[in-house]
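Take a look at the structure below.
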Amino acid sequence: MKKTTIILGITGLIALGAHAQDIHFSNMEYSPMTLNPALAGANNDLQVISNYRTQWNAVPTAAPFNTIALSGDMRLNSKKPNKSGHLALGLNLFNDRAGVNRISTNNVGLSIAYHLLVGENSTVGLGLQSGFGQRTLDATDGMWGSQYNGLTYDASLPSGENLGSPSFSFLDAGAGFVYTYGTKETRMRSNDGVKVNAGYAVFHVNRPNFSFTGGDDNLYMRHSFFANAKIGIGSTTMNIEPGIYTQIQGPSTEILMGADYRVILKEGSKVTGNIQRTSVALGVYYRNRDAVVSRILFNYAGFGVGFAYDFNVSSLTEVTNARGGAEFFLGWTMDNPFSASKARI
């Protein structure tokens with residue numbers, strides 16, 4: 001009975017849109033445009049990343065939450081000589097579908113960033129993001145708290161909910177800045193390089209309305225803080241890659257922290273390029289009061305694939321049996337095809 005009450009409570013809150021929160025990924029650094037718009041062009045000439053996440057499959061009678069995202073960003077003028085900085089563009093798309101009520105959110109965001117060279121190995125970047133979103137709701141299979149008769153769930157009881165419009169659109173905006181530091185050995189060929197990123201961003205600065213009922217349920221601004229690093233352990237084939245990511249949105253705070261341990265299986269050839277760099281990483285992260293995240297990542301010649309699994313440790317463990325969410329990503333990084341020379345950082 002307690003499990004049924006918890007499930008109905010979760011479903012009802014989602015359907016009403018109470019304290020709506022943004023999507024999130026456990027491979028957070030591999031969804032850069034949802035982390036910080038200034039990350040467009042911060043670390044690569046050109047990259048494309050796709051993400052897929054599914055969670056709450058373990059909750060009985062409730063449909064899982066599924067999120068699929070695609071992002072890309074590219075430096076525009078980093079290859080021109082005597083430049084003190086470079087301009088970059090980023091594009092992010094995602095679809096999020098939540099629960100039995102099929103609450104679907106589609107979002108398209110465009111980012112523009114400029115990265116100023118402030119030292120031989122450092123840049124400071126500022127990014128702006130504008131976006132368009134749409135939400136839809138199908139309440140046909142909804143389960144509501146008012147349909148709990150005191151003993152069990154009764155679908156014949158009225159929901160008592162006035163859901164208003166089943167679809168609406170909204171405009172969105174955000175901004176952020178990023179500091180990036182990387183030594184000359186950033187590519188880890190001698191395995192004594194260091195790469196550091198840190199930044200802050202704010203999303204939903206215009207606080208768009210997010211309610212199906214026509215009420216004043218405006219999205220809280222989301223404040224995103226992060227810092228991560230890639231540290232090569234000299235004279236070994238190992239890297240340590242720690243990271244911490246903090247998201248604050250209204251009454252909710254999410255802190256994800258941990259580290260990956262990477263082993264270079266094969267170093268790429270510096271002259272011919274016939275041998276491609278290959279590495280594998282294992283990591284453990286902790287999301288405060290929510291989940292322990294295990295990760296495995298594989299990279300080959302600019303192509304990356306990763307998997308993460310959340311082991312739920314929250315108050316919902318009675319329902320989930322510690323099973324949380326599974327997540328995949330695919331990524332490609334490459335030189336800008338519009339120029340033949342290397343970027344400065």
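Here, each number is a calculation from the coordinates, and none is a lab measurement. All of these numbers come straight from a predicted model, not from anything done at the bench. Every residue, glycine as well, gets a Cβ built from its backbone with ideal geometry; the counts of neighbours run over all protein chains shown.
General observations
- Listed peptides 289-299, 193-203 by packing density, highest first (mean Cβ within 10 Å): 193-203, 289-299
- Packing-based order for 44-51, 28-35, using average beta carbon neighbours within 10 Å, highest first: 28-35, 44-51
- Under 19 Å from the Cα of Lys230 - aspartates and glutamates, other chains or at least 8 residues apart: Glu29, Asp45, Glu120, Glu185, Asp192, Glu241, Asp260, Glu267
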